[in-house]
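Input: a single structure, listed below in structure tokens.
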Amino acid sequence: MPLAIEDYALIGDCHTGALVGTDGSIDWLCLPRFDSPSTFGALLGDEEHGHWRLAPTGATRCTSRRYDEDTFVLITRWETATGTAEVVDLMPHGDRRADVIRRVRGISGIVEFEQVLRLRFDYAGALPWIRQVPDGLLAVAGPDAVIVRGPRLVAAGMSHHGTFEVRAGESVDTVMTWFPAHRPPPAPTDVSTGIEETVGWWRHWASGCADLGRYDAEVRRSLLVLRALTHEDTGGVVAAATTSLPEQDGGVRNWDYRYVWLRDAALTLSALMGHGFAAEAAEWRGWLLRAIAGDPADVQIMYGLSGERRLPELELDSLPGYRGAAPVRIGNGAYQQFQGDVFGEVMLALQKARSIGVDDDGFSWSLQLALLDFVEHNLDRPDNGIWEIRGPLRTFTHSRAMLWAAFDCGIRAVTEHGLRGPVDRWTTLRDRLRAEIEEHGFDSGRGSYVQAYDSPEVDASLLQLAQIGFVAPTDPRMLGTVAALENDLLRDGLLLRYRTETDVDGLPGDEHPFLACSFWLAEQYALSGRVDDAVALMDRLVSFCNDVGLLSEEYDVSGARQMGNTPQALSHLALVEAADAIAVAAAGRS
């Protein structure tokens, strides 16, 4: 059975990522990209579905672990009766290969380590042909091949095992390398150089972060997570490194997040830009322009890492699911949905990029003009909303406010940056949307904005109305909305997205509080002067980070555990924005 979600740490090379458990087992790894089929799939089943465990013989859980400062080089410490050793796990950055390095370093005494390797390609659907070659263990199945170089591993049933000893001052290296099966194995990697260069690259990238105050460690790690989830070649930002980690025990709310949502990518880049990472903004804009180039009517809410458009949703029978939560899905049918809010989020991100000096070339602005023209001609179209509702289409207040923001960004591009566009027409449309939202998206009796037009329900996404400037955080309408959210959606002090019992999403079952929503609430508290409430909520939220600073999608308070896909970009970027708001509010109060 896989470990608790919070027991996993991420290592990655900005192309893909592996999850390493506190028991020394890599239980999830897709090669060579985030969205490739898994090589190790025990996370969504058990050991028989592929894993690679490296730990002292007889040990079940590490003594401690940490990242090597501002990197994704994981150092796991094992203290045993005979000695102490550390395992250094990483995926080397910059070598243009899909390598996993596992270096065991002796600290004191003598420690015997055991390796158990089960390779299962194609989401555990393909058992590779494995044989010993002069310099390692070679596995091949279909298009995939890996070679494992290091201490000898011998076949034992359907896996390979081996033991070795490490003494104080010694190191023992094992390296696994993926390569296309039609090519010969690549040359062995230089482990010491790989570690040194990877540590140097991550530290150099993180050096641009100034001291970030009260939540410096959490913000710094969150920015690193956002970078780790950004594909280095394409600029696409995956929503998470995993698929099908459940939102409810044994439930069906299990989705594939290894793709690029325009919304998440735009918000991620906004967070990075807010901390001076302009190069990432330029990379993402390039990805965006390539992905949505063409007819604006064909714009999707999400794409593959390289801008792939077809992401058909399939259910696998080769993986039973995390602790039995089925189905396991690959692909995501939401790519076919219409979500009006993404146009606002994209325009907001491009506006922020413009404001920090990322030049608007002719292609970029002409594409934005086309997007706004499309929005204008689809202005009255109901949609699936920010949460990808699979029930009936509705007129969601959040979506309408984001369309308001799209036109507002267009107007500002002309009036503040000298670009050309039909300002008068956009102003008329923007003002029409505001009037419409106030009439149909606001419950005057309750004093609150509502989830969908003329509905009594509220939705955590309404917190973003203040973030985008539609309404001031201190406006009575916003304060009334916060009161309604606190009354209807707080569970154990954390915020749900919406009430699932209304069947608005067309899915059975329930879900746990959504971490990003609670961070949004902390941000709203700070912006509206409730700084003590903001700090209290923020302190509680960051306590949910695991021992290496990672957050998943949701949190089960009663079970004291993370739920949903991990690490979750939306959770981490919301953490960054909330910390920034608290820092500003605290500075203003002092």
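The values are calculated or read from the model by the stated rules, or taken from the named source; none is laboratory data. For clarity, every value in this text was computed on a predicted model and none was experimentally measured. Don't worry about glycine lacking a Cβ; one is built from the backbone with ideal geometry, like all the others, and counts go over all protein chains shown. When the accessible area is computed, the model is the full protein with side chains, heavy atoms only, and any ligands, DNA or RNA have been set aside. Shrake-Rupley method; radii C 1.70, N 1.55, O 1.52, S 1.80 Å.
Per-atom-type breakdown for the stretch 448-590 gives carbon and sulfur 52% of the accessible area (1.4 Å probe, protein chains only). Working note: Karplus 6.51/-1.76/1.60 with θ = phi - 60° gives the stretch 35-49 the couplings 9, 6, x, 6, 9, 10, x, 4, 4, 10, x, 8, 4, 5, 9 Hz, where Gly and Pro are set to x.
Span-like helix criteria (full DSSP H runs; alpha carbon extent of at least 27 Å along the helix axis; mean Kyte-Doolittle hydropathy of at least -1.0) are satisfied in the chain by 397-417, 569-589. For the chain, adding -39500 (n - 2.57) for each run of n ≥ 4 DSSP H residues and dividing by the number of residues yields -10500 deg cm²/dmol at 222 nm. A 1.4 Å probe, protein heavy atoms only, puts the accessible area of Asp488 near 40 Å². On a per residue basis, the stretch 463-529 carries 32 Å² of accessible surface, using protein heavy atoms and a 1.4 Å probe. Computed over the stretch 357-457, relative contact order equals 23 percent, with contacts defined as Cα pairs under 8 Å that lie 6+ residues apart.
Modelled spin-label separation between Thr193 and Asp475, with each label point placed 7 Å from Cα along the Cα-to-Cβ direction: 5.9 nm. Each of Glu439 and His204 was given a label point 7 Å from its Cα along the Cα-to-Cβ line. The distance between the two points is 5.8 nm. Summary of packing: across the peptides 210-221, 365-376, 237-248, 10-21, the per-residue average of other C-beta atoms within 10 Å ranks them, highest first, as 237-248, 10-21, 365-376, 210-221. Sparsely packed loop sites in the stretch 389-433 (the trypsin sites (Lys or Arg not before Pro) outside DSSP H, G, I, E and B with at most 12 other Cβ atoms within 10 Å) comprise Arg420. Counting alpha carbon pairs within less than 8 Å and at least 6 residues apart, what relative contact order, in whole percent, applies to the chain? Across the chain, relative contact order equals 12 percent. Shape analysis of the stretch 530-590 places it in the prolate category; the axes a ≥ b ≥ c from the Cα gyration tensor give an a/c of at least 1.5, with a/b above b/c. Once the C-beta distance of Asp454 and Arg491 is scaled by a Förster radius of 22 Å, the resulting FRET efficiency is 0.25 to the nearest 0.05.
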